[in-house]
1. Using the scaling law 2.2 N^0.38 Å as the reference, what is the normalised Cα Rg of the stretch 160-206?
2. How large are Rg and Dmax for the stretch 75-206 when calculated on the C-alpha trace, in angstrom?
3. Among rounded, prolate and oblate, which fits the stretch 91-136 when a ≥ b ≥ c are the square roots of the eigenvalues of its C-alpha gyration tensor, a/c under 1.5 means rounded, and a/b larger than b/c means prolate?
4. On the protein heavy atoms, probe 1.4 angstrom, tell me the percent of accessible surface of the stretch 57-206 carried by carbon and sulfur.
5. If you take the beta carbon distance between R66 and K108 as r and set R0 to 45 Å, what does 1/(1 + (r/R0)^6) give as a FRET efficiency, to the nearest 0.05?
6. Using alpha-carbon positions, what is the distance between the centroids of the stretch 127-206 and the stretch 69-122, in Å?
7. On full extension of the chain, what length is gained from N171 through F135, given 0.36 nm per residue of separation minus the C-alpha to C-alpha distance?
8. Distance check, please: which entries in K92/K183; K101/K130; K108/K183; K85/K108 exceed 22 angstrom between their Cα atoms?
Amino acid sequence: MVWAQGALCGILISLVFLSIKEPLQLLNFTNISVDRNGSFIDMSKLWQPPLFHDDQHLRDREEAERVAKKVRILCWIMTGPDNHKTKAAHVKATWGKRCNKLLFMSSKDDPELGSVALDAPEGYGHLWAKTRQAFHYVYHHHKDEADWFLKADDDTYTIVENLRFLLLNKNHSEPIFFGHKFKPYVEQGYFSGGAGYVLSREAMIR
């Protein structure tokens, strides 16, 4: 009687082992999930490689290049000798390349950066004098090379493509400008230089 019980137990154990042998192999070699009925699912058979639409990036680049020919932007960057390598150089290496014309306004000439040496001292208290000289320089040397003139600091990041789409339907022959207006010191307010602002050619001339 005892031997019969032992034989029966052996048969049951064998059946159990055979029933879970395949799932155990899957557990060892593949990713497994279990559905609501308790059945094992081999997730590797459901996985599909991602699709990368390179042609979409190509179309976006072609559109950006098309708009760049219609909306010409001169970007001039306010900087200083201490920031030429630590800040201004990174503007030149990144978003500055997307401007139609890129200038760096400083108090020191730097051939590597391509900065313009303005006759104005450095320091927060001299920003207006430096800004005025920068626009004076742009007017006399580059006013016909662009339709819009962006002033930004050397720690500003501008998505030039988005700026062009903003300006696409605007008339640069009208005296208009865009920026963030501050009103802490004067009633009429003034544009934040750090955030950057853009003037139409007519606004810059006036």
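1. The value comes to 1.25.
2. In order Rg, Dmax, the Cα atoms of the stretch 75-206 give 14.3, 41 Å.
3. prolate
4. 52
5. FRET efficiency, R66 to K108: 0.75.
6. 15
7. Residue separation times 0.36 nm, minus the Cα-Cα distance, leaves 10.9 nm.
8. K92/K183; K108/K183
The values are calculated or read from the model by the stated rules, or taken from the named source; none is laboratory data. This is a predicted model, so every value here is computed, not measured. Please note: Cβ atoms are built from the backbone with ideal geometry, for glycine as well, and neighbour counts cover all protein chains shown. Each accessible area value is taken on the protein alone, full model and side chains, heavy atoms only, with ligands, DNA and RNA left out. Shrake-Rupley method; radii C 1.70, N 1.55, O 1.52, S 1.80 Å.
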